[in-house]
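Structure record follows, encoded as structure tokens.
The values are calculated or read from the model by the stated rules, or taken from the named source; none is laboratory data. Values in this document were obtained by computation on a predicted structure and should not be read as measured data. FYI the Cβ positions are ideal-geometry reconstructions off the backbone, even for glycines, and counts take in every protein chain you see. Quick note on the areas: whole protein, heavy atoms, side chains included, nothing else; ligands and nucleic acids left out. Shrake-Rupley method; radii C 1.70, N 1.55, O 1.52, S 1.80 Å.
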Amino acid sequence: PHRPGHELSYYPGDCNFRAADIIVINKANTAEAKNVEMIKTNAKKVNPKAKVFVCDSEVTVDDPKVIKGKKIICVDDGPTLTHGEMTYGAGKVAADKYEAKEIIDPRPFFLGTIKSTYEKYS
């Protein structure tokens, strides 16, 4: 639900969405309600026989006190942030949830393949 519309526009996810017997809309607790509704509507349009389940996915950390009030760097899933068109991942969700003081932008410190991959997809 963080990338509504992608279920219809990205291969092979679109094929799975259209052919599935069950569609799970996960992470609904961290998404905007309108996005969840859009995906439910798309499911009814293109796969009306599928059962749709809306689920939450809690982001947790071992010790929230380590984050609260601290400056942090988030290390997230590369494909989600590089070519998945997301501007944030679970690290940002955790930083917000556990009240980090600041998220440090790591981009000025990128080197090698991380730097070139980021430049390619930015």
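Of all residue pairs spaced 6 or more apart or on separate chains, those with beta-carbon atoms under 7 Å, a first member in region 66-95 that is open to solvent by 50 Å² or more (accessible area, probe 1.4 Å) and part of a loop (DSSP other than H, G, I, E, B) and a second member that is among the β-branched types (Val, Ile, Thr) and modelled with pLDDT of 80 or more are 73/104. Yes or no: residue 99 acidic (Asp, Glu), surrounded by 11 or more Cβ atoms within 10 Å (Cβ to Cβ) and either closer than 26 Å to residue 28 by Cα or touching a helix residue (DSSP H, G or I) at 6+ places or on another chain (Cβ under 8 Å) (or both)? So residue 99 passes the test.
Being in contact with a Phe, Trp or Tyr (Cβ under 7 Å, 6 or more places away or on another chain) and either within 18 Å of residue 110 (Cβ to Cβ) or at pLDDT below 90 (or both) is the filter here, so list the residues in region 65-81 that pass it. Within region 65-81, no residue meets the criteria. Residue 92 passes every criterion in (1) over 19 Å from the mean Cα position of the chain (by Cα); (2) at pLDDT below 95; (3) among the basic types (Lys, Arg) apart from (1). For region 7-56, taking the residues that are surrounded by 11 or more Cβ atoms within 10 Å (Cβ to Cβ), over 16 Å from the mean Cα position of the chain (by Cα) and among the aromatic types (Phe, Trp, Tyr), the one that is farthest from residue 92 (Cα to Cα) is identified as 17. Taking (1) out of contact with any Asp or Glu (no Cβ under 7 Å at 6 or more places or on another chain); (2) at pLDDT 95 or above in turn, residue 50 satisfies each apart from (1).
Looking only at region 105-114, which residues are out of contact with any Phe, Trp or Tyr (no Cβ under 8 Å at 6 or more places or on another chain) and surrounded by 13 or more Cβ atoms within 10 Å (Cβ to Cβ)?
Answer for region 105-114, where residues must be out of contact with any Phe, Trp or Tyr (no Cβ under 8 Å at 6 or more places or on another chain) and surrounded by 13 or more Cβ atoms within 10 Å (Cβ to Cβ): just 114.
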